[in-house]
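**Student:** I have a structure here, written as structure tokens, and I will follow up with some questions on it.
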Amino acid sequence: MIGTPLVRVRGLTKTYGDRVAVDALDLDVRAGEIVGLLGANGAGKTTTVECILGLRRPDSGSVDVLGLDPAVDGDRVRRLVGSQQQESALPDRMRVGEAIALFRGPRAATVDGLLEAFGLADQRRTPFSALSGGQRQRLFLVLAVLNRPRMVVLDELTQGLDPAARRDVWDAIMVLRDAGTTVLLVTHYMDEAEALCDRVVVMRDGRVVDTGTPEQLVLRHAGWATVRFGTPVHESGAAGPHVDRLRRLPGVRSVVDLDGTVEVRGDRGSVAYVCADLVHGTVPHDLTVVMPDLEAAVLALLTSKTPPQRPAPVLITNGALR
Amino acid sequence: MSTSTLPMTDPTAAEVAPRPLLGSVLALVGSELRLVLREPLVLAFVFAFPIVTVLVIAGSFSSDDDGFGGVDPSHWYVASYLAVVVAAIGLVMVPVHLAAYRERGVLRRFAAAGFPRWSFLLAQLAVGLVLTLVASAVLLAVAAPVYGLPAVHDPVRVAAALLLGALAFTTIGLLIGSLVPNARAAQGLGLLAFFPSFLLGGGGPPPAVMSDGMRRVSDLLPLTHVTDAIREPWLGTASGLGHLLVVAVLLGVALLVCARSVRL
Ligand SMILES: Nc1ncnc2c1ncn2[C@@H]1O[C@H](COP(=O)(O)OP(=O)(O)O)[C@@H](O)[C@H]1O
Ligand SMILES: [Mg+2]
């Protein structure tokens with residue numbers, strides 16, 4: 001079912017005063033996929049989401065949500081798109097059941113099933129203020145899908161949660177994924193995006209710097225896998241036979257031996273060859289393997305010295321701007 | 001789960017059918033009233049404070065005190081109690097409530113959930129009105145056995161004054177609540193507006209014992225007009241129409257400013 005575009009953003013630009021929050025952004029969300037919108041704080045993620053929901057009016061560019069323009073038809077868009085807004089709470093004394101009763105529309109899903117699926121079946125009478133952080137976010141998930149929207153937008157759903165509560169919320173999002181729900185997931189946690197997203201879009205200073213599956217971004221930007229271990233003193237030395245042999249293994253890029261600690265860098269496959277080779281000698285007791293992950297990839301993207309270039313206008317020789 | 005059968009066709013009419021305005025307002029009113037009843041600070045300020053005021057002030061004057069134009073002081077103060085309720089709701093409860101909802105993102109949640117644009121403000125007006133009526137009734141029920149209530153000379157005008165006064169002050173409260181940056185500022189500003197209004201516009205000394213300066217300030221206070229618009233037709237000392245007109249104009253202006261400047 002993945003394929004039909006539900007959201008299509010082209011050239012979205014939004015400024016606050018003279019501060020450019022979103023700068024010529026393109027974004028697609030297709031039916032059935034979980035898209036992660038990643039970037040540091042202030043990258044423009046929330047502003048993008050608010051433009052998609054019709055809660056903010058873009059300065060320029062086009063936004064299409066299920067054939068509707070949110071700036072014109074915001075009310076309809078918000079009926080089709082369930083959302084969890086960043087930093088938006090419920091009244092402290094409102095109970096879970098009351099919140100659901102207030103927010104449910106005529107097309108609402110059966111509440112019992114939802115509360116069961118998101119682990120809130122016993123919390124119906126609990127006031128919002130007495131819910132744990134994880135329970136609050138799961139309640140927001142229930143409210144986001146309550147009226148059977150075409151897709152849901154979740155902005156920093158796990159911000160400020162402890163690791164265990166974050167895992168609970170991830171499980172809840174996997175419930176959505178298994179149900180085929182389309183999700184735009186805004187986060188600045190890379191492990192979250194790696195665990196949940198089919199595709200990620202990385203933003204920096206209001207622009208998209210790269211997009212692809214987590215695996216693709218890892219391949220492109222995360223650098224090499226590293227195998228590190230100590231060698232017995234008598235075997236060390238930069239030109240030792242040990243080092244030479246490792247250097248010739250498939251996929252290995254570099255081998256350095258620094259005061260008895262050998263560091264082998266290479267592609268992911270090289271790790272298998274290096275470890276297989278180590279089995280033939282004394283197996284080192286301090287072996288560490290660092291695989292490239294999305295965190296490393298995005299960190300590289302977000303900290304690279306050259307900021308993302310805006311595509312320059314193409315000049316034709318006679319000077320006319322194409 | 002029902003989310004598994006997402007259709008891929010264009011949005012259907014049922015999917016984008018708007019939340020009806022009236023239904024949304026009613027749902028919000030019900031929800032808000034339930035929440036108010038769980039809010040001890042609001043209950044104390046809107047229900048208990050005016051009652052304490054009544055018991056203390058109306059009992060402080062002897063019934064032949066001549067500062068009240070021949071009226072028994074405990075009767076003269078009945079309109080003041082009701083005005084205190086109106087001011088407590090409009091100047092303190094509503095602004096703090098609205099500012100807190102905006103600060104905590106509750107309003108954004110309503111907007112994102114497709115509640116019609118004015119449904120929350122309309123619901124607040126209705127809640128302000130209901131609370132005014134309930135708190136007034138409770139207050140009169142407490143005052144009646146203690147001091148006795150004077151006969152109502154012109155019930156229609158008294159009711160009109162209470163209704164318009166409650167709406168006007170709730171609207172002013174919504175204005176304050178939407179203009180201040182946060183709930184603490186709303187509380188500060190609200191109390192700053194409440195106490196002078198309370199002391200000079202209803203619950204304080206009668207005009208006869210005020211200095212010229214105090215009386216001039218008193219005449220300018222919106223709450224004074226609400227108090228007089230209730231008192232005069234209740235006691236039959238005058239029609240109160242002039243004051244009622246001032247309150248009506250105040251409501252009109254407040255509504256207009258509210259509609260133009262309040263964002264959700
Ligand atoms: N209402 C606002 N007024 C002024 N500046 C804003 C406003 N909202 C966001 N910004 C600024 O716009 C930039 C992008 O913010 P935001 O979209 O919230 O980013 P993110 O969600 O990625 O953290 C930031 O520099 C932020 O300070
Ligand atoms: Mg944000």
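The values are calculated or read from the model by the stated rules, or taken from the named source; none is laboratory data. Not measured: the values here are computed from a predicted model. Cβ sites come from the backbone with ideal geometry, for glycine too, and all protein chains shown count toward neighbours. Surface accessibility is based on the protein's heavy atoms, side chains included, excluding ligands, DNA and RNA. Shrake-Rupley method; radii C 1.70, N 1.55, O 1.52, S 1.80 Å.
**Student:** Scanning region A:140-166 for residues that are more than 16 Å from ligand 1 (Cβ to nearest atom) and under 15 Å from the mean Cα position of the chain (by Cα), which turns out least open to solvent (accessible area, probe 1.4 Å)?
**Tutor:** Just the residues of region A:140-166 that are more than 16 Å from ligand 1 (Cβ to nearest atom), to begin with: A:140-152, A:161-166.
Next, from what is left, pick out any that are under 15 Å from the mean Cα position of the chain (by Cα): A:152, A:166.
Numbers: A:152: 0, A:166: 33 Å².
Applying the filter and picking the extreme gives A:152.
**Student:** Okay, next question. Residue A:169: open to solvent by less than 20 Å² (accessible area, probe 1.4 Å) and at pLDDT 90 or above, yes or no?
**Tutor:** no
**Student:** In region B:3-45, what count of residues is obtained for those that are assigned to a helix (DSSP H, G or I) and either open to solvent by 40 Å² or more (accessible area, probe 1.4 Å) or at pLDDT 90 or above (or both)?
**Tutor:** In the first step, residues of region B:3-45 are kept if they are assigned to a helix (DSSP H, G or I); the result is B:3-5, B:13-16, B:21-36, B:40-45.
Restricting the remaining residues to those that are either open to solvent by 40 Å² or more (accessible area, probe 1.4 Å) or at pLDDT 90 or above (or both) gives B:4-5, B:13-14, B:21-36, B:40-41, B:43-45.
Residues flagged as assigned to a helix (DSSP H, G or I) and either open to solvent by 40 Å² or more (accessible area, probe 1.4 Å) or at pLDDT 90 or above (or both) within region B:3-45 amount to 25.
**Student:** Could you tell me which of the residues A:223, A:206 is within 16 Å of ligand 1 (Cβ to nearest atom) and over 13 Å from the mean Cα position of the chain (by Cα)? Write out each step before concluding.
**Tutor:** Numbers: A:223 fails: within 16 Å of ligand 1 (Cβ to nearest atom).
Criteria check complete, one pass: A:206.
**Student:** Looking at region A:59-75 only, could you name the residues that are open to solvent by 20 Å² or more (accessible area, probe 1.4 Å) and over 20 Å from residue A:209 (Cβ atoms)?
**Tutor:** A:59, A:60, A:62, A:64, A:66, A:67, A:68, A:69, A:71, A:72, A:73, A:75 - these are the residues of region A:59-75 that are open to solvent by 20 Å² or more (accessible area, probe 1.4 Å) and over 20 Å from residue A:209 (Cβ atoms).
**Student:** Output the helices (runs of 4 or more DSSP H) that fall wholly within region B:210-261 and possess 1 or more residues being open to solvent by 60 Å² or more (accessible area, probe 1.4 Å), or say none.
**Tutor:** On the way: elements: B:212-220, B:222-235, B:241-261.
In region B:210-261, B:212-220, B:241-261 are the helices (runs of 4 or more DSSP H) which contain 1 or more residues that are open to solvent by 60 Å² or more (accessible area, probe 1.4 Å).
**Student:** Does region A:21-44 contain any residue that is more than 23 Å from residue A:212 (Cβ to Cβ), open to solvent by less than 30 Å² (accessible area, probe 1.4 Å) and in contact with a Ser or Thr (Cβ under 6 Å, 6 or more places away or on another chain)?
**Tutor:** Within region A:21-44, one or more residues are more than 23 Å from residue A:212 (Cβ to Cβ), open to solvent by less than 30 Å² (accessible area, probe 1.4 Å) and in contact with a Ser or Thr (Cβ under 6 Å, 6 or more places away or on another chain).
**Student:** Restricting the search to region B:46-64, which residues are in a loop (DSSP other than H, G, I, E, B) and surrounded by fewer than 17 Cβ atoms within 10 Å (Cβ to Cβ)? Spell out the reasoning first.
**Tutor:** First, the residues of region B:46-64 that are in a loop (DSSP other than H, G, I, E, B): B:58-64.
Within region B:46-64, B:59, B:60, B:62, B:63, B:64 qualify.
**Student:** Of the residues B:130, B:92, which is touching a residue at least 24 places away in the same chain (Cβ under 8 Å), farther than 18 Å from residue B:57 by Cα, within 18 Å of the chain's Cα centre (by Cα) and surrounded by fewer than 18 Cβ atoms within 10 Å (Cβ to Cβ)?
**Tutor:** Working: B:92 fails: surrounded by fewer than 18 Cβ atoms within 10 Å (Cβ to Cβ).
Testing whether each residue is touching a residue at least 24 places away in the same chain (Cβ under 8 Å), farther than 18 Å from residue B:57 by Cα, within 18 Å of the chain's Cα centre (by Cα) and surrounded by fewer than 18 Cβ atoms within 10 Å (Cβ to Cβ) leaves just B:130.
**Student:** Quick check: anything in region A:111-118 within 16 Å of ligand 1 (Cβ to nearest atom) and assigned by the TED database to the domain that holds residue A:190?
**Tutor:** Step one: filter region A:111-118 for residues within 16 Å of ligand 1 (Cβ to nearest atom), giving none.
Scanning region A:111-118 turns up no residue that is within 16 Å of ligand 1 (Cβ to nearest atom) and assigned by the TED database to the domain that holds residue A:190.
**Student:** Then there's this: Out of the residues in region A:41-75 meeting the condition of being under 17 Å from the mean Cα position of the chain (by Cα) and within 13 Å of another protein chain (Cβ to nearest Cβ), tell me which one is farthest from ligand 2 (Cβ to nearest atom).
**Tutor:** Initial filter on region A:41-75 (under 17 Å from the mean Cα position of the chain (by Cα)): A:41-49.
Filter again for within 13 Å of another protein chain (Cβ to nearest Cβ), leaving A:46, A:49.
On the way: A:46: 3, A:49: 8 Å.
Only one residue fits best here, namely A:49.
**Student:** Within region B:96-127, how many residues turn out to be within 30 Å of residue B:232 (Cβ to Cβ), buried (at least 21 other Cβ atoms within 10 Å of the Cβ), among the aliphatic types (A, V, I, L, M) and in contact with an Asp or Glu (Cβ under 9 Å, 6 or more places away or on another chain)? Steps first, please.
**Tutor:** We begin by selecting, within region B:96-127, every residue within 30 Å of residue B:232 (Cβ to Cβ); these are B:124-127.
Of the ones still in play, those that are also buried (at least 21 other Cβ atoms within 10 Å of the Cβ) are B:124-125, B:127.
Then keep just the ones that are among the aliphatic types (A, V, I, L, M); that gives B:125, B:127.
Filter once more, keeping what is in contact with an Asp or Glu (Cβ under 9 Å, 6 or more places away or on another chain): B:127.
Total meeting the criteria: 1.
**Student:** Select from region B:178-201 the residues that are open to solvent by 30 Å² or more (accessible area, probe 1.4 Å) and either among the polar types (S, T, N, Q) or over 14 Å from residue B:218 (Cβ atoms) (or both) and list them in ascending order.
**Tutor:** Of everything in region B:178-201, those that are open to solvent by 30 Å² or more (accessible area, probe 1.4 Å) and either among the polar types (S, T, N, Q) or over 14 Å from residue B:218 (Cβ atoms) (or both) turn out to be B:179, B:181, B:182, B:184, B:185, B:187, B:188, B:189, B:191, B:192, B:193.
**Student:** Here's a follow-up. Could you figure out which of (1) of a type outside the set (A, V, I, L, M, F, W, C); (2) touching a helix residue (DSSP H, G or I) at 6+ places or on another chain (Cβ under 7 Å); (3) in a helix (DSSP H, G or I) isn't true of residue B:153?
**Tutor:** With (1) of a type outside the set (A, V, I, L, M, F, W, C); (2) touching a helix residue (DSSP H, G or I) at 6+ places or on another chain (Cβ under 7 Å); (3) in a helix (DSSP H, G or I) applied to residue B:153, the lone miss is (3).
**Student:** Can you pull out the residues in region A:256-265 that are on the phi > 0 side of the Ramachandran plot and either touching a strand residue (DSSP E or B) at 6+ places or on another chain (Cβ under 8 Å) or open to solvent by less than 60 Å² (accessible area, probe 1.4 Å) (or both)?
**Tutor:** Of all residues in region A:256-265, those on the phi > 0 side of the Ramachandran plot come to A:259-260.
Scanning region A:256-265 gives a single hit, A:260.
**Student:** Can you find a residue in region A:92-103 that is crowded, with 19+ Cβ neighbours inside 10 Å and free of Cβ contacts under 8 Å to residues at least 12 places away in the same chain? Steps first, answer last, please.
**Tutor:** Just the residues of region A:92-103 that are crowded, with 19+ Cβ neighbours inside 10 Å, to begin with: A:94-96, A:98-100, A:102-103.
Cutting the leftovers down to free of Cβ contacts under 8 Å to residues at least 12 places away in the same chain gives us A:98, A:102.
Yes, that holds for at least one residue.
**Student:** While we're on this one: Considering only helices (runs of 4 or more DSSP H) fully contained in region A:129-239, which possess at least 2 residues that are β-branched (Val, Ile, Thr) and not assigned by the TED database to the domain that holds residue A:274?
**Tutor:** On the way: elements: A:133-145, A:163-178, A:190-196, A:214-221.
Those helices (runs of 4 or more DSSP H) span A:133-145, A:163-178.
**Student:** Of all residues in region A:31-40 being away from ligand 1 (no atom under 11 Å from the Cβ) and not hydrophobic (A, V, I, L, M, F, W, C), which is nearest to the other protein chains (Cβ to nearest Cβ)?
**Tutor:** Quick first cut of region A:31-40, residues away from ligand 1 (no atom under 11 Å from the Cβ) only: A:31-36.
Retained after the next criterion (residues that are not hydrophobic (A, V, I, L, M, F, W, C)): A:32-33, A:36.
On the way: A:32: 8, A:33: 12, A:36: 19 Å.
Looking at the filtered set, the residue picked out is A:32.
**Student:** Can you tell me which residues in region B:133-150 are in a helix (DSSP H, G or I), open to solvent by 40 Å² or more (accessible area, probe 1.4 Å), under 15 Å from residue B:59 (Cα atoms) and of a type in the set (A, V, I, L, M)? Show your work before the answer.
**Tutor:** Taking region B:133-150 as the starting set, the residues that turn out to be in a helix (DSSP H, G or I) are B:133-147.
Then drop every residue that is not open to solvent by 40 Å² or more (accessible area, probe 1.4 Å), which leaves B:133-134, B:137-138, B:141-142, B:145-147.
With the extra rule that they be under 15 Å from residue B:59 (Cα atoms), the set shrinks to B:142, B:145-147.
Matches in region B:133-150: B:142, B:146.
**Student:** I've got another one for you. What's the total number of residues in region A:92-124 that are charged (D, E, K, R), more than 7 Å from chain B (Cβ to nearest Cβ) and more than 20 Å from residue A:78 (Cα to Cα)?
**Tutor:** Here is the first cut: in region A:92-124, the residues charged (D, E, K, R) are A:92-93, A:95, A:98, A:104, A:107, A:112, A:116, A:122, A:124.
Within this subset, residues satisfying the condition of being more than 7 Å from chain B (Cβ to nearest Cβ) are A:92, A:95, A:104, A:112, A:116, A:122, A:124.
Next cut, more than 20 Å from residue A:78 (Cα to Cα) only: A:92, A:95, A:112, A:116, A:122, A:124.
Of the residues in that region, 6 qualify.
**Student:** Follow-up question, since we're still on this one. Can you find a residue in region A:5-13 that is within 16 Å of ligand 2 (Cβ to nearest atom), at pLDDT 95 or above and not β-branched (Val, Ile, Thr)? Let's see the steps before the verdict.
**Tutor:** Keep residues of region A:5-13 that are within 16 Å of ligand 2 (Cβ to nearest atom), which gives A:12.
Next, from what is left, pick out any that are at pLDDT 95 or above: A:12.
Subset that is not β-branched (Val, Ile, Thr): A:12.
Yes, region A:5-13 contains a residue that is within 16 Å of ligand 2 (Cβ to nearest atom), at pLDDT 95 or above and not β-branched (Val, Ile, Thr).
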